[in-house]
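> The following block contains the structure, expressed as structure tokens.
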Amino acid sequence: MPFLREVVLITILAPAKINLSLDVTGRLENGYHTLEMIMQTISLYDEVLLHKAGDGIEIKCDNPLVPVDENNICHRAAKIFFDKTSISGGVIIELKKRIPQGAGLAGGSADAAAVLKGLNIMYSAGFSTNELLELGLECGADVPFCIAGGTCFAGGIGEKLTKLPSFAGFYVIVIVPEFAVSTAWVYRNFRMDACIKRPDNKMLAEAIKKRDLRSLAQGMVNVLESVTVAKYPEIEGIKKDIKRNGALGSLMSGSGPSVFGLFESESSALKAFSVLKNRYRYIYMVSTVDGGRVYG
């Protein structure tokens, strides 16, 4: 009989996401908005370390602004996991944060997804991907996508996922302004009649299939800009700045305030980065990727 090594420590790279499109299609009775959007993981990672423990859930973080109690979405994810499995055990969750908070990049959701995937391995729970997606939805609307990763069309409140062909390998510059935006505030103030332009997600999905970066970049639309940019015009200024420096297209991600630009080559992205890094404190040159990685 083969010897099975007990997994007591797992490290997961939890990638951020950007929205290649975002459309609001309606509002549910519970207050959630229904969406149609295309999401993409990028190579900006938090590092999530799970240490097996005898009992309880403990969180540690290198960013003092991140809560380490029940208010952290990772605590919620771990509690849901242990409640669903009735496993007698615990975990110490150590977060090494690189994804900015409150930026529209799903940093918290990515960490929660990493916790669910890691605990599933650590405790040999045997959850399928679809079952993990269901657990993720109990944590938050972006968590299912962060579990799936890669390139997806998302409907519903973000949980109805359709995998699209891989769009990995393209260069992206992400700029995060030095102010946070409340997602709840953005959705509360969203008005359908304020949207002049909506994304053609069918066309964008076809561009992804053909790896037609130019058509994708020029067709990107995020209807939430009608709210966020109206209050924070700096976002529009950043979009123009990125495009002036060679991006094929630029968009606000999620409810903001982060802005990204897509570049046709590494050299053009590096050239833009060398200029823009002198103007913005939080700037990242990354690439599109297919998901995170788990290390036992």
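> Name, by its number, the condition in (1) closer than 27 Å to residue 45 by Cβ; (2) buried (at least 18 other Cβ atoms within 10 Å of the Cβ); (3) in contact (Cβ under 8 Å) with a residue 40 or more places away in the chain; (4) not small (Gly, Ala, Ser) that does not hold for residue 190.
Single failed check for residue 190: (1).
> Let me confirm something: among 115, 143, which residue is touching a Phe, Trp or Tyr at 6+ places or on another chain (Cβ under 8 Å), surrounded by 24 or more Cβ atoms within 10 Å (Cβ to Cβ) and assigned by TED's automatic domain parsing to the domain that holds residue 31?
Values: 143 fails: touching a Phe, Trp or Tyr at 6+ places or on another chain (Cβ under 8 Å).
Sole residue among the options that is touching a Phe, Trp or Tyr at 6+ places or on another chain (Cβ under 8 Å), surrounded by 24 or more Cβ atoms within 10 Å (Cβ to Cβ) and assigned by TED's automatic domain parsing to the domain that holds residue 31: 115.
> Ok, one more. Among the residues of the range 132-155, which ones are part of a helix (DSSP H, G or I) and of a type in the set (A, V, I, L, M, F, W, C)?
132, 133, 135, 137, 139, 143, 145, 146, 147, 148
> A follow-up question, please. Hey, could you check the range 112-153 for residues that are over 27 Å from residue 251 (Cα atoms) and β-branched (Val, Ile, Thr) and say which is farthest from the chain's Cα centre (by Cα)?
Looking at the filtered set, the residue picked out is 121.
> Filter the range 86-104 down to residues that are β-branched (Val, Ile, Thr) and at pLDDT 95 or above and give me whichever is farthest from residue 60 (Cα to Cα).
The extreme case among them is 99.
> Same structure, new question: Under the condition of being in contact with a Lys or Arg (Cβ under 8 Å, 6 or more places away or on another chain) and in a strand (DSSP E or B), which residue from the range 253-283 is nearest to residue 23 (Cα to Cα)?
259
> Hey, could you check the range 156-182 for residues that are outside any loop (DSSP other than H, G, I, E, B) and crowded, with 17+ Cβ neighbours inside 10 Å and say which is farthest from the chain's Cα centre (by Cα)?
In this case the residue turns out to be 171.
> When the residues of the range 163-181 are narrowed to those that are out of contact with any helix residue (DSSP H, G or I) (no Cβ under 9 Å at 6 or more places or on another chain) and on the phi < 0 side of the Ramachandran plot, which ends up modelled with the lowest pLDDT? Lay out the reasoning, then the answer.
Keep residues of the range 163-181 that are out of contact with any helix residue (DSSP H, G or I) (no Cβ under 9 Å at 6 or more places or on another chain), which gives 168-169, 174, 176, 178, 180.
Filter again for on the phi < 0 side of the Ramachandran plot, leaving 168, 174, 176, 178, 180.
On the way: 168: 97, 174: 98, 176: 97, 178: 92, 180: 88.
Among residues in the range 163-181 that are out of contact with any helix residue (DSSP H, G or I) (no Cβ under 9 Å at 6 or more places or on another chain) and on the phi < 0 side of the Ramachandran plot, the one modelled with the lowest pLDDT is 180.
> Can you spot a residue in the range 138-152 that is modelled with pLDDT of 95 or more, more than 19 Å from residue 35 (Cβ to Cβ) and not small (Gly, Ala, Ser)?
No, because not a single residue in the range 138-152 is modelled with pLDDT of 95 or more, more than 19 Å from residue 35 (Cβ to Cβ) and not small (Gly, Ala, Ser).
> What is the number of the single condition among (1) modelled with pLDDT of 95 or more; (2) in contact with a strand residue (DSSP E or B) (Cβ under 7 Å, 6 or more places away or on another chain) that residue 83 does not meet?
Here residue 83 meets the rest and fails (2).
> How do the pairs read when you match residues in the range 272-293 that are in contact (Cβ under 8 Å) with a residue 12 or more places away in the chain with residues anywhere that are buried (at least 18 other Cβ atoms within 10 Å of the Cβ) and of a type in the set (Asp, Glu), using Cβ under 7 Å and keeping only pairs 6 or more apart or on different chains?
Pairs that qualify, where the first residue is in contact (Cβ under 8 Å) with a residue 12 or more places away in the chain and the partner is buried (at least 18 other Cβ atoms within 10 Å of the Cβ) and of a type in the set (Asp, Glu), are 276/241.
The values are calculated or read from the model by the stated rules, or taken from the named source; none is laboratory data. This one's a predicted model, so the numbers in the text were calculated from it and none came from an experiment. Because the Cβ atoms are built from the backbone with ideal geometry, glycine has one as well, and the counts that use them run over all protein chains shown.
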